[in-house]
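Peer 1: Let me begin by handing over the structure; questions about it come next.
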Amino acid sequence: MTQVIKAREGILTKELKTIARNESIEESKLQSLIARGRVVIPANVNHRNLLPIGIGEGLRTKVNANIGTSPDFDSLQEELQKLRTVEKCRADTVMDLSTGGDISRIRREMIKATSLPFGNVPVYQMVVQKSFESQKFVEMEPAEMMEYIAMQAEDGVDFMTIHAGLTRRGLRWLEERRRVAGIVSRGGSLMAGWMFHQDRENPFYTHFDQLLEICRRYDVTLSLGDGLRPGSLMDATDHGQLEELMVLGELVDRCHHAGVQVMVEGPGHLPLSQVEINIKLQKTLCKGAPFYVLGPIVTDIAPGYDHITGAIGGALAAAAGADFLCYVTPAEHLGLPDEESVKEGIMASRIAAHAGDISKNIPGALDRDQAMSQARRDLDWDKQKKICLDPIRFEQIRKKRSTRSEACSMCGDFCVYKILEGKDI
C-alpha cells in the first residue's frame with residue numbers, strides 16, 4: 001500500500017512518525033494532510049536506506065538539487081562527488097537528470113549511495129538509450145515507455161517527473177500563438193516531438209492509468225511536469241501554461257482516486273508581480289496538491305547569477321504557499337553545473353525556503369533567527385557559527401577578515417554593541 005492509502009486507513013507509518021517528530025506537527029494532523037493529498041512522502045518501497053521527508057501544507061519548504069551527467073561530461077565519480085556535496089549542503093532531495101554514460105548504472109549507484117529522496121525524469125533515459133541503439137525516441141510505442149518507467153521504479157526512484165499534462169490541444173495553441181521562447185522544458189519538448197511525429201495524443205496522458213498502476217506498486221510519487229512552463233518573462237502565465245495546468249488538475253484527481261501520491265510542478269520564468277497568483281491558481285486548480293517550482297526566475301538578464309534570480313522568486317513563491325523549490329545554479333542557461341555551482345544553488349534556495357517559512361509561520365522557523373540575533377548582540381561568534389546555514393563559509397570569512405577587536409572588522413571597537421556595552425536597551 002502507498003503512504004496515502006495507509007493514511008486513509010488510519011495507519012501511522014514509520015515514515016509519517018519520523019516526519020511528524022522532525023517537523024513538530026501532530027501525527028493525526030499529518031495523517032489527515034497525507035490522506036487528502038496535501039502532503040506527500042516520496043518513499044519508494046525499494047529505496048532501503050531512505051530518510052523520509054514530507055512535502056506539502058504546514059511543513060517546512062523543501063529544496064531539491066538537480067545533478068546528472070551530460071553527453072560531454074559523463075563521469076559517474078564526478079556525479080557521486082556532487083551527490084556528497086548535495087548532502088553536505090543539506091538539500092532535502094536530489095534528482096538525477098543524466099543524459100550521458102550508463103544511465104542505469106548511474107541511477108542505481110546514486111540510489112545506493114544516498115538516503116535522500118531520489119527523483120528523475122524517466123523519458124531522458126528513453127531518448128539516450130534509443131540513440132545508443134541507432135533508433136529514435138519519437139518512434140517508441142507507449143508500452144515500451146511504460147517498461148522503462150517500471151524498471152526505474154523497481155530501482156527505487158522515489159519521485160518521477162512525468163509530462164502527462166501536455167496535450168495536443170496545448171500544442172495547437174502554441175502553433176497559433178507563437179511564444180518568444182517556445183517550449184523550454186526538455187521533457188516537454190521531447191513529448192511534443194513524439195506527438196508531432198506520431199500525430200497522436202501524449203502517451204503519458206492516454207496511458208495514465210497504466211502509469212498509476214506502476215506508481216502504486218512501488219509507491220512512487222508522481223511529480224506532474226510542466227511541459228509548457230514559460231522560459232521567458234514574455235511568455236509568463238499565458239494560455240498554454242494555464243491550459244496545461246487545468247489538465248494537471250484533472251490528473252491530480254485521478255491520482256487521488258487511485259491512491260497514488262502526487263505533486264505538481266510549476267514555472268519557470270515569472271515577473272515578480274505574477275508569482276503569488278501562479279501559486280494561488282495551482283493550489284486552486286490542483287486541489288491543494290504540493291507545488292514544486294523551478295525558481296521562479298524573475299528576470300531574464302542575469303546569466304551567471306540565476307541562483308540569485310531564482311532565490312528572489314523562490315522566497316516569494318514559498319511565502320505564497322509553494323512547498324518545494326527546485327534549486328537554480330549560477331550555471332543555469334550556461335552549462336552543466338560543477339560542484340561549486342551546486343553548492344551555491346542549494347544555499348541560495350535554502351535561504352529562499354527559510355524566508356518563505358518565516359512568512360508562512362511554519363512552527364519553529366523564526367526560532368533560529370531569534371537565536372542568531374541574540375548571539376550577535378552578545379558577540380558570541382561560536383554560537384553564531386553553529387546557528388548559521390553555512391558554518392564553513394562563516395569561518396572562512398571570519399579568518400580572512402580577522403580583527404584584534406572582539407567585534408568584526410567592519411566596526412571594530414566602534415561596534416554598536418561595544419559602544420552601548422552594559423546598557424539594557
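No lab work stands behind these numbers, since they all come straight from the coordinates. Computed from a predicted model, the values in this text were never measured in an experiment. Neighbour counts are summed over all protein chains in view; Cβ atoms, including those assigned to glycine, are modelled from backbone coordinates with ideal geometry.
Peer 1: What FRET efficiency comes out for Val138 versus Cys411 if R0 is 51 angstrom and r is the Cβ-Cβ distance? Round to the nearest 0.05.
Peer 2: Details: r = 64 Å, r/R0 = 1.25.
With R0 = 51 Å, the Cβ-Cβ based efficiency is 0.20.
Peer 1: Would you mind checking which residues have amide H under 5 Å from Leu294's amide H? H placed 1.01 Å from N; only 5 or more apart, or other chain.
Peer 2: The answer is Gly266, Gly268, Cys326.
Peer 1: For each of Arg168, Arg350, count neighbouring Cβ atoms within 10 Å of the residue's Cβ, then give the residues from fewest to most. Mind showing how you got there, number by number?
Peer 2: On the way: Arg168 15, Arg350 23.
With the fewest neighbours first, Arg168, Arg350 line up as Arg168, Arg350.
Peer 1: Quick check on segment 204-361: take the gyration tensor over C-alpha atoms, sort the square-rooted eigenvalues as a ≥ b ≥ c, and tell me if it's rounded (a/c under 1.5), prolate or oblate. Before the final figure, lay out each step's value.
Peer 2: Numbers: a/c = 1.71, a/b = 1.58, b/c = 1.08.
Prolate is the answer for segment 204-361, as a/c is 1.5 or above and a/b outweighs b/c.
Peer 1: Classify segment 202-297 as rounded, prolate or oblate from the Cα gyration tensor: take a ≥ b ≥ c as the square roots of its eigenvalues, call it rounded if a/c is under 1.5, otherwise prolate when a/b beats b/c and oblate if not.
Peer 2: On the way: a/c = 2.30, a/b = 1.97, b/c = 1.17.
Prolate.
Peer 1: Still on this structure, please answer the following. To the nearest µm²/s, what D does Stokes-Einstein give for segment 70-153 at 10 °C and 1.306 mPa s, using the Kirkwood radius over alpha carbon pairs as Rh? Spell out each step's value before the answer.
Peer 2: Values: Rh = 13.6 Å.
Translational D for this selection: 116 µm²/s.
Peer 1: So what's Rg/Rh here for segment 296-376, counting alpha carbon atoms and using the Kirkwood radius for Rh?
Peer 2: Details: Rg = 13.7 Å, Rh = 13.2 Å.
A ratio of 1.04.
Peer 1: Also, I was wondering about something else. If segment 1-90 were replaced by its equivalent ellipsoid, with semi-axes equal to the square roots of 5 times the Cα gyration tensor eigenvalues, what would those be, largest first, whole Å? Write down the numbers at each step before the final one.
Peer 2: Working: eigenvalues 191, 39, 26 Å².
Listed largest to smallest, the semi-axes of segment 1-90 are 31, 14, 11 Å.
Peer 1: Within segment 159-216, list the GluC sites (Glu not before Pro) lying in a DSSP loop whose Cβ has at most 16 other Cβ atoms in a 10 Å radius. Write out the running numbers ahead of the final one.
Peer 2: Values: sites: Glu175, Glu176, Glu201, Glu213; in loops: Glu201.
Those that pass, being in a loop and sparsely packed, are Glu201.
Peer 1: Continuing with the same structure: If you find the alpha carbon centre of segment 155-210 and of segment 362-379, how far apart are they in angstrom?
Peer 2: 46
Peer 1: Can you compute the charge dipole magnitude of the chain about its Cα centre, using +1 on each Lys and Arg Cβ and -1 on each Asp and Glu Cβ, nothing else charged? Give it in debye, rounded to the nearest 20. Let's see the in-between values first.
Peer 2: On the way: 53 positive and 59 negative charges, 240 e Å.
Taking the Cα centre of the chain as origin, the dipole is about 1160 debye.
Peer 1: Hey, another quick one. In the neighborhood of Ile11, defined by Cβ-to-Cβ distances under 14 Å, what is the net charge if each Lys or Arg adds +1 and each Asp or Glu adds -1? Before the final figure, lay out each step's value.
Peer 2: Details: positive: Lys6, Arg8, Lys14, Lys17; negative: Glu9, Glu15, Glu27, Asp219.
Net local charge, Ile11 excluded: 0.
Peer 1: If you rank Ile312, Ile41, Ile53 by fewest surrounding Cβ atoms within 10 Å, what's the result? Mind dumping the intermediate values first?
Peer 2: Details: Ile312 20, Ile41 27, Ile53 23.
Least to most surrounded, the residues fall as Ile312, Ile53, Ile41.
Peer 1: Turning to a different aspect of this structure: Just how many % of Cα pairs in segment 44-359 lie over 29 Å apart, if you round to the nearest whole percent? Walk me through the intermediate numbers first.
Peer 2: Working: 14779 of 49770 pairs.
The answer is 30 percent, as a whole percent.
Peer 1: Oh, and also: Could you compute Rg(Cα) / (2.2 N^0.38 Å) for segment 308-425, with N its residue count? Before the final figure, lay out each step's value.
Peer 2: Values: Rg = 17.3 Å, N = 118, 2.2 N^0.38 = 13.5 Å.
Normalised Rg, Cα atoms only: 1.29.
Peer 1: Quick one: if you stick a label point 7 Å off each Cα along the C-beta vector at Glu201 and Ile419, how many nm between them?
Peer 2: That separation, rounded to one decimal, is 7.0 nm.
Peer 1: Further question on the same structure: Sorted by mean Cβ packing within 10 Å, highest first, what order do the peptides 382-391, 339-348 take?
Peer 2: Numbers: 382-391: 14.8, 339-348: 21.6.
The most tightly packed comes first, giving 339-348, 382-391.
Peer 1: Are there DSSP H segments in the chain that both extend 24 Å or more along their axis (alpha-carbon positions) and score a mean Kyte-Doolittle hydropathy of at least -1.0? List them, or say none.
Peer 2: On the way: long enough: 239-258 (29 Å, -0.13); 339-359 (31 Å, -0.10).
Span-like helices here: 239-258, 339-359.
Peer 1: Moving on. Which of rounded, prolate, oblate describes segment 227-267, given a ≥ b ≥ c as roots of the alpha-carbon gyration tensor eigenvalues and a/c under 1.5 marking rounded, otherwise prolate only if a/b is larger than b/c? Display every interim value, and only then the final one.
Peer 2: Numbers: a/c = 5.06, a/b = 2.57, b/c = 1.97.
Prolate is the answer for segment 227-267, as a/c is 1.5 or above and a/b outweighs b/c.
Peer 1: For segment 229-237, in order, what is each residue's ³J(HN,Hα) by Karplus, 6.51 cos²θ - 1.76 cosθ + 1.60 with θ = phi - 60°, in whole Hz (x at glycine and Pro)?
Peer 2: Per-residue couplings from phi come out as 4, x, x, 8, 4, 5, 9, 5, 6 Hz.
Peer 1: Then there is this: Based on other C-beta atoms within 10 Å, arrange Lys399, Lys287, Lys62 from fewest to most.
Peer 2: Numbers: Lys399 8, Lys287 16, Lys62 24.
Sorted ascending by nearby Cβ count, the order is Lys399, Lys287, Lys62.
Peer 1: Moving on to the next point. Give the peptides 13-23, 236-246 in descending order of average Cβ contacts within 10 Å, highest first.
Peer 2: Averaged packing, sorted descending, gives the order 236-246, 13-23.
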